[in-house]
Every structure is written in C-alpha cells, then in structure tokens.
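Okay, so here's the structure we're looking at.
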Amino acid sequence: MAILLDGKELAKKIRENQKEEVINLKKNGVFPKLAVIMVGKNSASEIYVRNKSKVCNEIGIDFNEYLLEEKTTMKELKKLITTLNEKNDINGILLQSPIPSGLNINEAFECISPTKDVDGFHPENIGKLCLGQDTFVSCTPYGIVKILEEYNIQIKGKHVVILGRSNIVGKPLIQCMLNKDATVTVCHSKTTEIEKHTKMADILIVAIGKPNFVTKDMVRQGCTVIDVGINRNQDGKICGDVDFKEIEKVASYITPVPGGVGPMTIAMLMNNVIKSAKNQNKKNLGA
Ligand code: GUN
C-alpha cells in the first residue's frame, strides 16, 4: 500500500511557522495584507476564496475581498487592479480565475504589479521562473515541490510526467521540476497513447480536471502519484483525477483528494504573501 502524502497535516505544520513569522513582522510594524478579486459568480471559486480567507485569518494576514459583478468591463477590472497596485498597505493581489469569458485573463494578470503577484502568474515572474531566478512561484507547483521535499522524495534525475498544460499548474510545474533537475514529459489532451508516457513516470503529476482519469494500468509499480484534480463524481463526492483506491495499491506514495495538494497550495500562497510583505518593507525590517 502506498504511503499517504498528507498535505493537510504538512500545511498545518507550515502554518504554525507562518504564524510566528507574521507575529515577528507585526512587531516590526509590518502588517501583511492580501487583496483577492473575484469577478462574477462561481461556486468553486467561492469555496477556494473562503478557504484562503480562513487561512489568512488563522495566521494573522489581513484579507480584503473585492467582489465585482459579472458584467464588469476590462477597464473597470484594470482600474481596480491599478488602485491596489498603488496602495502601500497591500502586499499581495490575487485575481481568482476563472473570470467571465468576455474578459481577458492574461491582460488582467499582466496588469498586477509583478512585486505583488503572489500567484506568480505575471509574464515577468513566469520568465524569472524559467530563468531560475528568485520570484513568486505559482502556489500549486510550489506546494507540490514542498510536499515531495518534505517526504524526501528525490526529484533530481527522476522522470516526472505531468498530465495537463494549463498556465496555472502544468506550465509553471514544468519549470519547477526542471529547476530541480528532473527529466520532464508533458502530456495533454492531444497526446496519443498517454499510458505509454504515464507508465514511464517515477513521479506522475495529474492536473487535467477529469474525475478518476488515471487508472491502475496506467502507472508503474512503485511510482509517486500527485493528484491536483478537484472534481465531483456521480454521487456528488469530491474526487481527484486519479483512481485513488486502485492506484494506492501499486504506487509507493500518493496524495489524497481532498487533503493533498489543495491545502499545500494555500500554504504556499501564504508564504508568497509573507515574502512580498518582507520585500516591500525592507527598510522597516532593517534588511
Ligand atoms: N483558480 C484555481 N486555482 C487558482 C489559483 O491558484 N489562483 C488563482 N488566482 N485562481 C485560481
């Protein structure tokens, strides 16, 4: 049976350290603050944002939520982002995706100041990640690296197979894994004979948003399986992109859904907000 990669427990441990860090920042007059923008109604986004708000609250980070109407224009959205860019008390700006289809998400992400881009989605920060420079690393890929490192699962020299090439997870994950000296294969919706690739993986990371897509016959005995998916099955229960019950019998390590990558994503967002607050207050902190 596979060993469970317990993101929930690890995130809890990380939050304890973050609480201490925030207390110290506050002693030095630095009050970390995250601004989250949501445009229109989306029930999944509402849950994600509520979870982010809860964790901010727990570790002492101020949380400002901006709810914009479905019919918001690009001009209005950019105006809000620009205002938040200019506010000295705001350290991080997060535009929850998706946004309504009439709006251009790339243009919106690009409007966020790279110094406040705690999601790591700004082209400048993505570029820095590709060059291996210090930057804000997107929270889900960052959380995946952390969980592997915490469980002493070697990335260097290993064959990492990623399913999914989204801008939010797949693409930054490629760079994170390359930066850790992995050999990387990326599969996507147009890949043929996907199981030929997945069977080669030492570490298989799945981020495609299809319930129970990866089955036992697609993985090698002893591989590590990271499931980024959050879906609902026919019974309305939360499930990942991986058939957990079957794959835990052959994998050596596996993340559960829920309680795997999800809590780690939020923990890494908090790391990025703290990093941003420190960067923006170097004078107060005597650095
Ligand atoms: N939508 C789903 N995941 C994310 C995320 O990590 N950040 C943002 N901004 N939107 C998301």
Accessible surface of residue 253 in the full protein assembly, 1.4 angstrom probe, to the nearest 10 Å²? 60
Accessible area in square angstrom per residue, the chain, 1.4 angstrom probe: 49
What size of dipole, in debye to the nearest 20, comes out for the chain about its Cα centre when the only charges are +1 on Lys and Arg C-beta atoms and -1 on Asp and Glu C-beta atoms? 340
Using a 1.4 angstrom probe on heavy atoms only, work out the carbon and sulfur share of the accessible area of the chain in %. 50
Can you tell me the length gained on complete extension of the stretch residue 183 to residue 233, counting 0.36 nm per residue apart and subtracting the Cα distance? 14.7 nm
Farthest towards the positive end of the dipole of region 69-163, among 83, 73, 113 and with Cβ unit charges of +1 on Lys and Arg and -1 on Asp and Glu, lies the Cα of 113
Proximal aspartates and glutamates to residue 156, defined as alpha-carbon separation beneath 13 angstrom and excluding residues fewer than eight positions away on the same chain: 181, 202
Averaging sequence separations of C-alpha pairs under 8 Å and six or more residues apart, then dividing by the length of region 41-163, give the relative contact order as a whole percent. 16
Rounded to the nearest 10 Å², the accessible area of residue 69 using a 1.4 Å probe with every protein chain kept is 110
Using r as the Cβ-Cβ distance of residue 66 and residue 210, and R0 as 35 Å, what FRET efficiency do you calculate, to the nearest 0.05? 0.65
Please tell me the relative contact order of the chain in percent, rounded to the nearest whole number, where contacts are Cα pairs under 8 Å and at least six residues apart. 22
With every protein chain present, what accessible area does residue 213 have (1.4 Å probe, heavy atoms only), rounded to the nearest 10 Å²? 70
Shape box of the chain [Cα atoms, principal axes, largest first, Å]: 53, 43, 38
Just going by the charge dipole of the chain, with Lys and Arg at +1 and Asp and Glu at -1 on Cβ, which of 17, 127, 143 is farthest out on the positive end? 17
What are the principal axis extents of the Cα atoms in region 83-220, in Å, biggest first? 52, 35, 23
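The values are calculated or read from the model by the stated rules, or taken from the named source; none is laboratory data. Model, not experiment: these values are computed from the prediction. Counting neighbours? That spans all protein chains shown, and the Cβs are built from the backbone with ideal geometry, glycine included. Quick note on the areas: whole protein, heavy atoms, side chains included, nothing else; ligands and nucleic acids left out. Shrake-Rupley method; radii C 1.70, N 1.55, O 1.52, S 1.80 Å.
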